[in-house]
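Rule-based calculations on the coordinates, nothing more; no lab input. All values reported here derive from a predicted model rather than from experimental measurement. Here the Cβ positions follow ideal geometry from the backbone for every residue, glycine too, while neighbour counts run over all protein chains shown.
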Amino acid sequence: MTTALTTPHLALSRMHAPTLHTLRDAVAANVGRMRTATESRIMAVVKADGYGLGAVAVGLAAIDAGAEWLGVTDAGDAAELRDAGIEVPILAWLNPAGVDVTQVVADRVDIAVGSVDELRQLITDASSLPDGRVRVHLHMDTGMSRGGVPLEDWAELLRVARSGRGRVEVVGVMGHLPDADAADPAINAPAVLRMRQARDAVLRAGFGPLIVHLAATSGTLTDPATHFDMVRVGAGLVGIDPSESVALQGAARLTASVVHSSVVPAGTPVGYGGAYVTERATRLSVIGVGYADGIPRELAVGAAVAIDGIRCPIAGRVSMDQIVVDTGDLTLPRGTTAVVFGPEGGAVPTVQEWARWAGSIPHTIVTGIGRRVERAIA
């Protein structure tokens, strides 16, 4: 049996490494969009290395666009930001690696405290400081049961905070919205009420002035009642609106080279297990990224990349280091650039499309890109 397609002589092309591009202008545009939705201060949350796009790059772009704070989930992440010359206030919550009080004072990092025991430990540790106090944001459990002090323990938290005056300074109160992605203010109302109760109790206890913050991206965009003094925008920086109610600009583009091309007849199995079989004579191209680079292994039918303005479907299973795409009549030299995802539209898949193909959310796509993928700032 002969193949209807022939393999032409392919021009040589320079290879380029798989690269995740951070688009600073898109980050800035997204901060600008948040500014139209709120009069509160904006904290740019750059946890998980800026949602995979570089904490420093995303942070600087957000600050240039008007963000006044940065947020991380581990106090140790602040060192990189300070080393880059960033001077705005930084808040760290969760702190799974623990809190080095000497370092957080040196790096000027505020610490969120989500339990009475955590506050006690912080006060004990701060007693070793020769001077300076640890700035603290008290974290109220506003309905997620995922961290934060329950309302019934709030009085004890404040008693401990008063006992630690001189070693810790209470400067903020925070919480999280459990259902803000529904974009329904009525659903947020119980958390807003609990946040007000927490704030009022802290003020009555003699602390203040306070920075109160509850809303993340979805609340910022859809419910002004949640804004208080500051909003925390993380996913929205990189173009993800979990409420899917506002169009933001994608800030990530993933590209990789074609490393191999071939012509195959109809009926050719592709990849491990031959899960994909060609229905016609066609051209196949191998792209040099796989599940070790963050490409989801389990994908729905229709997953694709863009090459030369054409959407080319993935053929067969995702391998550790590579994917195969069916390019039909398109002849591709080695080194041709494939766009795995990006903000351009048209043939280029979006991060949101990749999330649907993977049965996941966009956050997992951008934060899952592996270390061997190079990073670039555009």
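To the nearest 500 deg cm²/dmol, what mean residue ellipticity at 222 nm is calculated for the chain from DSSP H runs of n ≥ 4 alone, each contributing -39,500 (n - 2.57), summed and divided by the residues? Let's see the in-between values first.
Numbers: 11 runs with 102 residues, N = 378.
Per the formula, -7500 deg cm²/dmol.
Normalised by 2.2 N^0.38 Å, with N the number of residues, the alpha-carbon radius of gyration of the stretch 72-184 equals 1.09. At 4 °C and 1.567 mPa s, grab the translational diffusion coefficient of the chain from Stokes-Einstein with a Kirkwood Rh over Cα pairs, rounded to a whole number in µm² per second. Calculated translational D: 57 µm²/s. The loop-placed GluC sites (Glu not before Pro) in the stretch 15-114, going by DSSP, that have at most 15 neighbouring Cβ atoms within 10 Å of their Cβ come out as Glu39, Glu68, Glu87. If you average the alpha carbon positions of the stretch 39-57 and of the stretch 131-164, how far apart do those two centres end up, in angstrom? Rounded to whole Å, the Cα centres lie 24 Å apart.
Under a model in which nothing but the beta-carbon of Lys, Arg (+1) and Asp, Glu (-1) is charged, the chain shows a dipole of about 300 debye around its Cα centre.
Along the stretch 84-96 the Karplus relation, 6.51 cos²θ - 1.76 cosθ + 1.60 evaluated at θ = phi - 60°, assigns HN-Hα couplings of 7, x, 6, 10, 5, x, 10, 10, 10, 10, 6, 6, x Hz to successive residues, with x for each Gly and Pro. Normalised by the number of residues in the chain, the mean separation of alpha-carbon contacts (under 8 Å, six or more apart) gives a relative contact order of 20 percent.
Using θ = phi - 60° in the Karplus curve 6.51 cos²θ - 1.76 cosθ + 1.60, the 3J(HN,Hα) couplings for the stretch 43-53 round to 9, 8, 8, 10, 5, 6, 6, x, 6, x, 9 Hz; x is entered for Gly and Pro.
For the stretch 202-212, backbone phi angles converted through the Karplus equation (6.51, -1.76, 1.60; θ = phi - 60°) give residue-by-residue couplings of 5, 5, 5, 6, x, 9, x, x, 10, 9, 9 Hz, Gly and Pro being listed as x.
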